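Asks: Please find one structure pasted underneath; my questions will follow.
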Amino acid sequence: MKTEFDCQQCGACCAYFRVSFYWGEADDAPGGTVPAQLTEAIGPLRRCMQGTNSKQPRCVALGGEVGREVACQIYAHRSSTCQELMPGDDKCLKARRHHGLPV
Ligand code: SF4
Ligand code: SF4
């Protein structure tokens, strides 16, 4: 698996998927970390990052320009969904292709 992608020069996955997770990962639940004010409900048990439940998703926590220089502004507090997506995995490659970035 190719893993030499630099996420800080990419951000494609933060601007391609609906980034959803169990509601209890938000910080208005005990032990939650994701800032609740940056999320929206998508059902009784799930939330997503604001900006990603859209035809042209872009997470509200993503700063910078996709494909150039980006940073997650809540990196230490991001959801398990964000943590599980790995550079070079299938989702990564799909998002990079969508944004016209090399795979
Ligand atoms: S699409 Fe891949 S390389 Fe780009 S930020 Fe996401 S995990 Fe990193
Ligand atoms: S919370 Fe951070 S890592 Fe997760 S989608 Fe948003 S910008 Fe990307």
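We did not get these values from a lab; they are worked out from the coordinates using the rules stated. All values derive from a computational prediction rather than experimental measurement. For neighbour counting, all protein chains shown are included, and Cβ atoms are generated from backbone atoms with ideal geometry for every residue, glycine included.
Asks: Please sort by residue number the trypsin sites (Lys or Arg not before Pro) in the range 50-103 whose DSSP state is loop and whose Cβ has at most 12 other Cβ atoms within 10 Å.
Replies: 55, 68
Asks: Answer with one residue from 85, 15, 62: the one whose Cα lies farthest towards the positive end of the charge dipole of the chain, charges on Cβ with Lys, Arg +1 and Asp, Glu -1.
Replies: Towards the positive end, the residue furthest out is 15.
Asks: If you don't mind, there's one more thing I want to ask. What value, in deg cm²/dmol to 500, does the helix sum -39500 (n - 2.57) over DSSP H runs of n ≥ 4 give at 222 nm once divided by the residues of the chain?
Replies: Details: 2 runs with 14 residues, N = 103.
Dividing the helical sum by the residues of the chain leaves -3500 deg cm²/dmol.
Asks: Quick one: Karplus J couplings for the range 89-98, per residue in order, coefficients 6.51, -1.76, 1.60, θ = phi - 60°, nearest Hz, x for Gly and Pro?
Replies: Couplings: 7, 4, 5, 4, 5, 5, 5, 5, 4, 4 Hz.
Asks: Another question about this same structure. What are the extents of the Cα atoms of the range 1-61 along their three principal axes, listed from largest to smallest and rounded to whole Å?
Replies: Between the extreme Cα coordinates on each principal axis of the range 1-61 lie 36, 27, 20 Å.
Asks: Further, regarding this structure: Over the chain, what relative contact order in percent results from Cα pairs under 8 Å that are six or more residues apart?
Replies: 35
Asks: About the Cα centre of the range 7-98, how large is the charge dipole given +1 on each Lys and Arg Cβ and -1 on each Asp and Glu Cβ? Please answer in debye to the nearest 20. Mind showing how you got there, number by number?
Replies: Values: 11 positive and 9 negative charges, 83 e Å.
Its charge dipole is roughly 400 debye.
Asks: Grab the other residues whose beta carbon is less than 9 angstrom from that of residue 53, score K and R as +1, D and E as -1, and report the net.
Replies: The answer is 0.
Asks: What number in nm² do you get for the chain if you take the convex hull of its Cα atoms and divide its surface by four?
Replies: Here the figure is 6.3 nm², rounded to one decimal.
Asks: Whose amide H sits under 5 Å from the amide H of residue 34, counting only residues 5 or more places off or on another chain, with H placed in the peptide plane?
Replies: Placed amide hydrogens put 26, 27 under 5 Å from residue 34.
Asks: Okay, moving on. Quick one: which residues, 5+ away or cross-chain, put their amide H under 5 Å from the amide H of residue 79? H built at 1.01 Å from N.
Replies: Residues meeting the amide H criterion: none.
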